[in-house]
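The values are calculated or read from the model by the stated rules, or taken from the named source; none is laboratory data. In this text the structure is predicted, and so the values were computed from the model without any measurement. Don't worry about glycine lacking a Cβ; one is built from the backbone with ideal geometry, like all the others, and counts go over all protein chains shown. Remember, those area values only see protein heavy atoms, side chains included, never the ligands or the DNA or RNA. Shrake-Rupley method; radii C 1.70, N 1.55, O 1.52, S 1.80 Å.
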Amino acid sequence: NHLLKKHPGWIVKNRSDGRPAYWLDPGLPEVRNHLVLLITELVRKYDLNGVQLDFIRYPNGEFNDEGSYSVYGAGKSRDDWRRENLTLLVDSLYKNIKRVNPFVKVGATPIGIYKNIPGAEGMEGFNDVFQDSRLWLEKGIVDYLVPQIYWAFEGNPKFDKLVEDWTKNSYGRNVVIGLALYKPEVMKVYLKSIETSREFKASGIAFFRYSNTRDLPVPIFPHKTFPADMNWIDASSPSQPQDLAFQIIDEKQNKIKLNWSLPPGISKYNDIEYFAIYNLENEEDMPGSDKLLKILPAERNQLTFSIKYPEKINYYLTMSSVDELWNESPSYSNTVMITIPSLKRLSNEITLTKNPVMIKRADESKLIIYSVFEDELEIDCNESNLDGESVKEKIFPGINVIALPGVLNKCNTIKISYKNSQKNAILRNGLK
């Protein structure tokens, strides 16, 4: 049943890296129709989030499509006709997929250079493999593109020049920058590449490939976040969950069970794909990506978790609903305040003053610090016989409890420097 045997007339033999390669001829209407029906069947039968087209191009200019061109060329130049064939395929596929499921995202990964520009010259998507991918964006027949900008900043082509070129010609659709981390020269500058993509307001980053990224530290992504909006598909937002409540089921492990209810008027999870849980600093705090704690599938209506190393006495949690296009409910559930019992008891044992206090118990040391505003602390061991790195901690209005790690945990004399208020404190095992 392989197409080489069933439809040999659809196939053009080519060579790639010195080896035979077989390509479907997109100049044949029956080939385009076959691909559209095949991919649309996948969308109809399976719960797909998206369809991404990779080799949606011609291999090169030496493609033997004389037969299809002579029948269907209609007096057009070969190059224009080839670009039109790919655009017809993408257009038909997009429309068919959206008829089956309008929420399935359709994207493609074009060659990194659309057309040569100063500082970025090489194989062109438009002229060498006949991808008019800018036209796909302009016509709105893709939801996003992932241009394969697989180069660094030195030499030619330059990464930053191409990112600027693509993002300035997005026509309101998403442009996600493709990084080639399998290349050593790209891996060396991946942090700079991400920052550059952010500067030009790209819709995201796509790493190629997983084996080169699975052990990669990414300090440049300190927070969870939602993917970029696709409001041309659907801009409506779901209703927020309600009746958020909690139960402490194990005080020793600080094990907590959250549960919540569906939004009013919704009898099943029909327009909600996820729930987002936020960890706020206080009751008046607003949710944001820096507060996003966890994203759960909508089938869940409870969560059990442990706060193994609590940093404060009270935790404030709230929730939102999120649909499959990552549109978030405009409002949030009620906010619950979870009090850590062990830290509450500990704070009750000390006399609350405006001065910080250090409490040492067996092999555990904690700082109890009361503050009326946000600040940042630098905490050092103030003993010459104990050398170790200092730590930085943020404090917030109210009571702050900070567990001291490593060498600081063994230290009996601690120095605290306040960044904003420019004051210092020396603590000696429970005394200022």
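Determine the shape class of region 74-130: with a ≥ b ≥ c the square roots of the Cα gyration tensor eigenvalues, call it rounded for a/c under 1.5, and otherwise prolate if a/b is greater than b/c, oblate otherwise. Don't jump to the answer; show the numbers that get you there.
On the way: a/c = 4.63, a/b = 1.48, b/c = 3.13.
Oblate, because a/c is 1.5 or more while a/b does not exceed b/c.
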In whole percent, how big is the carbon plus sulfur part of the accessible area of region 203-338, probe 1.4 Å, protein atoms only? 45
Quick one: Karplus J couplings for region 15-25, per residue in order, coefficients 6.51, -1.76, 1.60, θ = phi - 60°, nearest Hz, x for Gly and Pro? 10, 9, 6, x, 10, x, 9, 10, 10, 6, 8
Can you pull the one-decimal nm distance between simple spin-label points at Q242 and I307, each 7 Å off the Cα toward Cβ? 2.7
Given a Förster radius of 51 Å and the C-beta distance between N116 and E251 as r, what FRET efficiency does 1/(1 + (r/R0)^6) yield to the nearest 0.05? 0.15
If the reach is capped at under 17 angstrom between alpha carbons, list the aspartates and glutamates near K394, excluding any in the same chain fewer than eight residues apart. E281, D285, D290, E311, E374, D375, E376, E378, D380
Using label points projected 7 Å from each Cα along Cα→Cβ, tell me how many nm separate R19 and K360, to one decimal. 6.6
Tell me, how many Å apart are the Cα centres for region 302-326 and for region 1-38? 51
Compute the length gained on full extension between V391 and R300: take 0.36 nm times their separation in residues and subtract their Cα-Cα distance, giving the result in nm to one decimal. 29.0 nm
For region 1-51, convex hull volume per residue from C-alpha positions, Å³: 114
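Taking a ≥ b ≥ c as the square roots of the eigenvalues of the Cα gyration tensor of region 1-136, is the shape rounded (a/c under 1.5), prolate (a/b larger than b/c) or oblate?
Details: a/c = 1.62, a/b = 1.17, b/c = 1.38.
Oblate.
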Excluding same-chain residues fewer than 8 positions from K360, which aspartates and glutamates have a Cα within less than 13 Å of its Cα? E349
Write down the Å³ per residue value for the convex hull defined by the alpha carbon atoms of the chain. 207
What number comes out for accessible area per residue over the chain if the probe is 1.4 Å? Units Å², please. 54
Which of the pairs K366/K419; K183/K294; K257/K415; K105/K294 have their Cα atoms more than 27 Å apart in this structure? K183/K294; K257/K415
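How much length is gained if the chain between V372 and D47 is pulled fully straight, taking 0.36 nm per residue apart and subtracting their Cα-Cα distance, in nm to one decimal?
Values: separation 325, 0.36 × 325 = 117.00 nm, distance 5.08 nm.
Taking V372 through D47 to full extension adds about 111.9 nm, to one decimal.
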How many angstrom lie between the C-alpha centres of region 210-284 and region 118-185? 33
Return the aspartates and glutamates within reach of K6: Cα separation strictly under 18 angstrom, same-chain partners fewer than 8 residues apart disregarded; answer none if there are no such residues. D25, E30
Cα→Cβ-extended label distance, 7 Å offset, between W232 and Y182, nm: 3.0
Mean separation of Cα contacts under 8 Å (6+ apart) over length of the chain, as relative contact order %: 9
